[in-house]
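The values are calculated or read from the model by the stated rules, or taken from the named source; none is laboratory data. Because the structure is a prediction, the values reported are computed rather than measured. Glycine also receives a Cβ, built like all others from the backbone with ideal geometry; neighbour counts cover every protein chain displayed.
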Amino acid sequence: MPIPVPKSLMSDAAILVVDDNPDHLELTVLALGECCTATDVATATDGVEALDYLFGRGAHADRDTRQQPRVVILDMKLVRMHGLEVLQAIRRNRLTATLPVVMHSSSTEKNDIAACYAAGANSYVRKATDFDELRRKMRQVHDFWLGVNERSRD
C-alpha cells in the first residue's frame, strides 16, 4: 500500500494521477513508485478534485498554481466528471493549457481514442491487464514526460 502524500508536499508533485477506481489509482501509484518518490506523485479521485488541485481551489486554495505537474495521467471514464470534460477544462485555462495530459483508459474504442486526441490529449495509454505491464507502461510514461520531453516554458 502506498504511503499517503501529505497535502503540504503535493504542491511540487511532478505527476498528477486521476482515477476514481481506488484499486487502479493505488496500482498506478505503486507502479510509478518504482521510478520516482512518493512526493513526486499527487492523486485525485475524480475530475473535480483534479481541477481543484490544478487551479488552486477548494482544499488546494493555498497551492502555488505557478508550480504545475510535469504530466497528468487522467482516467477517461470518471464518474463525477468525465475525463474529457477535465481535459477540456485543462486546455481552456492559461495556467494549464500546455500541461501534458496522458489519457489512461481501458477502452479500445476508436471513437474514444479519437475523442481524447480531439480534446487535446498528448497521448493515450491503454490500461494494463497485469501489474508487470502497468509497471512497464508507467516507467515509459515517466521516462518520456519527465526525462525526454522538454516542457513549455510559458
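Kindly indicate whether His142 is of a type outside the set (Gly, Ala, Ser) and touching a Lys or Arg at 6+ places or on another chain (Cβ under 9 Å). So His142 does not fit the description; no. Would you say Leu146 is surrounded by 14 or more Cβ atoms within 10 Å (Cβ to Cβ), at pLDDT 95 or above, out of contact with any Gly (no Cβ under 9 Å at 6 or more places or on another chain) and over 20 Å from Asp23 (Cβ atoms)? So Leu146 does not fit the description; no.
Of all residue pairs spaced 6 or more apart or on separate chains, none has beta-carbon atoms under 7 Å together with a first member in region 11-30 that is at positive phi and a second member that is assigned to a loop (DSSP other than H, G, I, E, B) and surrounded by fewer than 22 Cβ atoms within 10 Å (Cβ to Cβ).
Among the residues making up region 111-138, those that are farther than 19 Å from Thr96 by Cβ, within 17 Å of the chain's Cα centre (by Cα), surrounded by fewer than 18 Cβ atoms within 10 Å (Cβ to Cβ) and not β-branched (Val, Ile, Thr) are Arg126, Arg136.
Here's the yes/no breakdown for (1) free of Cβ contacts under 8 Å to residues at least 12 places away in the same chain; (2) of a type in the set (Val, Ile, Thr):
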residue: Thr37; (1), (2): yes, yes
residue: Asp40; (1), (2): no, no
residue: Leu51; (1), (2): no, no
residue: Phe55; (1), (2): no, no
residue: Ala59; (1), (2): no, no
residue: Asp62; (1), (2): yes, no
residue: Thr65; (1), (2): no, yes
residue: Asp75; (1), (2): no, no
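Filtered by the rule that a residue be within 16 Å of Ile90 (Cα to Cα) and either of a type in the set (A, V, I, L, M, F, W, C) or at pLDDT below 95 (or both), region 26-55 gives Ala44, Val48, Ala50, Leu51, Leu54, Phe55.
Among residues that are crowded, with 16+ Cβ neighbours inside 10 Å, among the charged types (D, E, K, R), within 22 Å of Asp23 (Cα to Cα) and in contact with a helix residue (DSSP H, G or I) (Cβ under 7 Å, 6 or more places away or on another chain), Asp75 is included.
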